[in-house]
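Worksheet for the structure shown next.
What follows is calculated from the coordinates using simple rules that are stated; it is not laboratory data. Just so we're clear, the structure is a prediction, and the values are computed from it rather than from any experiment. Here the Cβ positions follow ideal geometry from the backbone for every residue, glycine too, while neighbour counts run over all protein chains shown.
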Amino acid sequence: MPIQSSGLKFQIEDFSARLLDEQELLPRARVTAQAFATAHPGSDVNVYAVSTLPDGESWVLLATAGDATVPDGAIPLDTGTLGILARDPKSLCFEGHTLIREQYAHLHVRRTLQSLCYLPLLRNGELTGAIEILSFDESLNEGLLSSLAGAAEVAAIALNRAQRYETERQDTLTTITRLTQLYDIEKVFSSTLEMDQLFPLIAAKVREMFDCEAINLWMLEADESVRLMHQAGVDDTVQEKDTQKPGEGLAGDVSDNGEPILIEHPDDERLIRRNQGLSSGGVTSIMVAPIVDQESLVGVIEAVNKLDGTPFDDDELFTLSRLTESAAIALHNASLLAAERKVEVLETLVTVSHEITSTLNLDRVLQTIVNAPQAVIPYERAAIALEQNGKYKLSAVTGMTQVNPDAPEIAPLNDILVWALLSGGTVHIAQHGDEIDTPREETRAKFKDYFEKTGTRGFYAIPLTDDTGRVGILGLESSDPDFLLPAHIEILQVLAAQATVALRNAQMYKEVPFISVLEPVLAKKRKFMAMEKQRRALYLAGAAAIVIFLAAVPWKLRVDGDAIVAPAHSAKLQPEIEGVVSKVYVREGDRVQRNQVVAELADWEPRMLLSEAQSKYQAALLQMNRALAINDGTEAGVQRVQADYWKSEVARDQQRLEQTRLRSPIDGVMATPNLETMIGRRLQFGDTFAEVVDTSQAVVDVAIDDTDSGLLRTGEDASVKLNSFPTRTFKGKVTIVSPKAALEGESRVFFARIAIPNADGAVRTGMEGRGKVKVGWYPAGYALFRTPLLWIYAKLWSWFGI
């Protein structure tokens, strides 16, 4: 419907169509400005929107048509003629001669202004913008504005819809960005398991997420206080290593009640207390959230002061709370690694302790002390100097079986150990750059020369002393000046105490004089010769019979040891694609066959893709046949290629659909409890859905002593008696003899792995008992007295080397 008035012509239908062609705010504003300028030649048109900026509500220029006006980008709401419209949002028209320049100072005009008119843009009666018309050739009147009111209403609706569209799109983009950031942060958090690296990583990524001045990461201490472990950015109200208890600060309060805190105003009493003593700056807005791992609080995280000066809001607090979940998982994994390392350290310490206390061989003790701790302590070389009769001797060095104290590479180490031994205490020296960490000038000069000769930068020596005096000194060195952490030093202190006892015992044993073993034998001989002749003959005949029996009669030799049922053969059932479990067909304890379907993933998407591919494949075939029917070889060839492509897609989608069915990889029994609760859970690629255990055959590990391991052979018959079945003997064969010894108690053993039938599933993992392995027929004397004979031979060999 066209609108005409005093030469002005406006086609609303065309105007509406042009607005509908655009979706965004600025293009629609330009269409509006150009339409109104075209409808009234000789005029310029500006389109404004009312927007809330940090300085308050303002007019924001969206579009302009014409060359005579160059308005400012943002204009205070109450400025000049625009302010009049803001106070009374209705159509306005001002004659140019009635206006003074200050009333339209927001405009840059170079021609005489005849009229200045405004059409308000309203939404539900609220002013959202305005159309400003500047006429330079003729005066405009209220009637003209009334005729344009309908077009202004259309423009208002279109601009409001565009603004709503852009807001929704921006919200969607913000949400996607936030989800992307959360995903990225979760990946970054899981990129390391080192606790010292994780603290700054969490703080830095959270600060980057919220674009704030500082992030404070507090961790829970044993006394229920929290300690500031890392600070990213600047927050003058707290310092790293500060501690807080409940009632002493925001972090302490959150650690007590576990409730997040959001403070938006700087006049909050809690922020006033926190900012005490600061002349400037301080905290004006803060978010505090607990870090909870498996319903237990492990720390607190604080976000301080957004960089743009605006306060934090509830959405950001919600995001921070979600981030703490990822941080809690990362910290939990790092703590597990730390615990595993601590267990490894303790196991190594126990092993070393057992090694040095299980023997009185001085050389073996020395070699164990300088070599074994290297598994958990990152030193490059260790050495022991022993005190013997007031003299000091370098007795053991890492990696050396024979030590020459005068060798060029050993002499400096020997001298520095003797110096450390005479100093009487623990010595810990490190060189960072050109600085050597010691207050004494003499010591600095000594170690400067030593470090230059050896290339090392860290040295640690601890004396080995007991109640009776000094035994020696243990020294360690490394090219890393910080190779020892506090945990390592604690280990060394424990190791030094154990090493002192072991070395003292080995030295005392070495000094014990040889005790004759012939005296008891001679006493027995004198007693035998004192017997009557017939009695001596009887004893000799019995001894001969025993000797013949022991030497000539074959005897089946068995070696035995403690037995334990090894874990059964099992297989993990893992999906090849991601998906949500929709059906579960088995329960714990159900017996399944190989390739049996035990569960299904939601397959609507693969089915949809398969149907789509099949339809496109059929369509391509039809097009190919149609082209062949009309003898169009070119088109038929193209469609043949399309058909081949979609045929391959059909095969791929069928395979993907098949992958939604989870099948048992082996015959066995379902060992995962509560499988029915997996329905509805989303499985990622590689996640374990269930475990299938093959119970048809059991493997029993029999610990055979080191001295008997040479008799073991695969295929030998074996018997096993388990404590759970005291009247039943299980027969089997040796399938594997372990190639590596293991420490069990005070001796080393090799495991003979025995396979026994287990059709009824009676034998279960972890059962214990005793096992015997038949190793062949031997003379009765050897079979019965093999153990003591080997012990005697070992002693003779150690004494005489025969």
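Laid out as a table, the results:
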item	result
Greater than 22 Å apart at Cα, pairs in K556/K731; K205/K306; K556/K795; K391/K453	K556/K795; K391/K453
Principal-axis tilt of helix 142-189 within the chain, Cα atoms, nearest 10 degrees	10
Too-long pairs where the Cα-Cα distance tops 26 Å, listed order kept, from K721/K774; K393/K448; K342/K721; K342/K446; K583/K647; K393/K446	K342/K721; K342/K446; K583/K647
Contact order relative to length of region 243-388, as percent, for alpha carbon pairs under 8 angstrom and 6 or more apart	16
Positive dipole terminus of region 285-410, leading residue within Q374, N404, F318 (C-beta point charges)	N404
Nitroxide proxy distance, nm - points 7 Å out along Cα→Cβ at H97 and T359	11.9
Free-standing Cys residues across the chain, given no other cysteine C-beta under 4.7 angstrom	C212
Separation between Cα centres of region 139-175 and region 203-250, rounded to whole Å	48
Label assignment, Kirkwood radius over Cα pairs in Å derived from the structure, set (1) 30.4; (2) 37.9; (3) 34.7	(2)
Between 0 and 90°, nearest 10: helix 533-552 axis offset from the chain longest Cα axis	40
Mean separation of Cα contacts under 8 Å, 6 or more apart, over the residue count of the chain: relative contact order %	7
C-alpha long axis of helix 411-423 to longest principal axis of the chain, angle in °	90
Counted charge near R640, where neighbours are those whose Cβ lies closer than 13 Å (Asp, Glu -1; Lys, Arg +1)	-1
Region 310-466 shape via C-alpha gyration tensor axes, a/c threshold 1.5	oblate
Where labels lie 7 Å past Cα in the beta-carbon direction, separation of D632 and E24 in nm	4.0
Nitroxide proxy distance, nm - points 7 Å out along Cα→Cβ at K241 and A375	3.5
Farthest positive-ward along the chain dipole, Cα basis, beta-carbon charges - from T695, V553, A105	V553
Karplus (6.51, -1.76, 1.60) ³J(HN,Hα), θ = phi - 60°, over region 737-742, in Hz, Gly and Pro reported as x	10, 4, x, 10, 6, 10
Positive minus negative residues near I157 (Lys, Arg vs Asp, Glu; Cβ under 13 Å)	+3
Net charge of neighbours whose Cβ lies under 13 Å from the Cβ of V559, counting Lys and Arg as +1 and Asp and Glu as -1	0
More than 28 angstrom apart: percent of Cα pairs within region 543-686	53
E409-V641 FRET efficiency (beta carbon distance; Förster radius 60 Å; 0.05 resolution)	0.25
Cα gyration tensor shape for region 27-158, rounded if a/c is under 1.5, else prolate or oblate	rounded
Inter-part distance where region 386-409 and region 83-130 are each reduced to a Cα centre, Å	99
